[in-house]
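For reference, the structure discussed in these notes is given below.
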Amino acid sequence: MDTEEILEETLKQLLDKLGLSYKQITVDEEEGGNFAINVDSENPSLLIGYHGDNIYALQHLLKVLCWKKYANETFNISLDIDEYRKRQEENIIKLAVRKIDTVRRIGRSQELPPMSPYFRRKIHLMCMGAGYEDIETFSEGEGEHRHLVIKLKS
């Protein structure tokens, strides 16, 4: 059984034991032992939870269960429910692009709302890429209030 099959089977067992229904589970291997998993569900709000809390909990449980069963392999999992995280990521990127346009137009720094380390990192990396040479980002705040600041390079 390869890692993709192990992840899919373990997730099916976990969802079944929790009494959570699903239509389909898709596991895609990305580079470097990273796996993107999407669950199509008839009741996605239950699987997603408040601000995605249930997704993160399920992702953690899945990783622990698979790691315990197959400790000889190293892998990372990104669990998504009905592409919720994908849509969330697209919305955050669009917001960052709008804020960057504002920074360029008015010349003053702009703050993004608090967000997870994953999304802050996505924006940091985006702003390091081509087309953003005049922009710099940094994180500010603590805990749940940690957010990004976007400004023009000095």
Condition met for A36 (modelled with pLDDT of 90 or more, surrounded by 12 or more Cβ atoms within 10 Å (Cβ to Cβ) and not in a helix (DSSP H, G or I)): yes
Give all pairs with beta carbons closer than 6 Å in which a residue from the range 121-134 that is in the same structural domain as D101 (by TED's automatic domain parsing) meets a residue that is surrounded by 13 or more Cβ atoms within 10 Å (Cβ to Cβ) and hydroxyl-bearing (S, T, Y); count only pairs at least 6 apart in sequence or on separate chains. H124/T137; C127/T137
Mind checking whether some residue in the range 10-21 is surrounded by fewer than 16 Cβ atoms within 10 Å (Cβ to Cβ) and closer than 15 Å to K86 by Cα? no
I'd like to know if the range 39-48 contains one or more residues that are part of a helix (DSSP H, G or I) and either among the acidic types (D, E) or touching a Lys or Arg at 6+ places or on another chain (Cβ under 7 Å) (or both). no
How many of the residues in the range 82-124 are of a type in the set (S, T, N, Q) and either buried (at least 16 other Cβ atoms within 10 Å of the Cβ) or closer than 22 Å to G52 by Cα (or both)? 4
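Yes/no matrix, rows are residues, columns are (1) over 25 Å from M115 (Cβ atoms); (2) touching a residue at least 60 places away in the same chain (Cβ under 8 Å); (3) in contact with a Lys or Arg (Cβ under 8 Å, 6 or more places away or on another chain); (4) not assigned by TED's automatic domain parsing to the domain that holds K122:
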site	(1), (2), (3), (4)
L7	yes, yes, no, yes
S21	yes, no, no, yes
Y56	no, no, no, yes
I77	no, yes, yes, yes
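Return yes when I100 is in contact with a Leu (Cβ under 9 Å, 6 or more places away or on another chain), outside any loop (DSSP other than H, G, I, E, B) and among the β-branched types (V, I, T) and no when it is not.
Details: in contact with a Leu (Cβ under 9 Å, 6 or more places away or on another chain): no; outside any loop (DSSP other than H, G, I, E, B): yes; among the β-branched types (V, I, T): yes.
When the stated conditions are applied, I100 does not pass them.
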Could you tell me which of the residues S45, S78 is among the polar types (S, T, N, Q), surrounded by 14 or more Cβ atoms within 10 Å (Cβ to Cβ) and at negative phi? S78
Does the range 103-154 hold any residues that are in a helix (DSSP H, G or I), under 24 Å from the mean Cα position of the chain (by Cα) and of a type outside the set (A, V, I, L, M), and which are they? P117, Y118, F119, R120, R121, K122, H124, C127, G143, E144, H145
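The values are calculated or read from the model by the stated rules, or taken from the named source; none is laboratory data. Please read these numbers as outputs of a predicted model, since none were measured by experiment. Quick reminder, even Gly has a Cβ in these numbers, built from the backbone with ideal geometry, and neighbours come from all protein chains shown.
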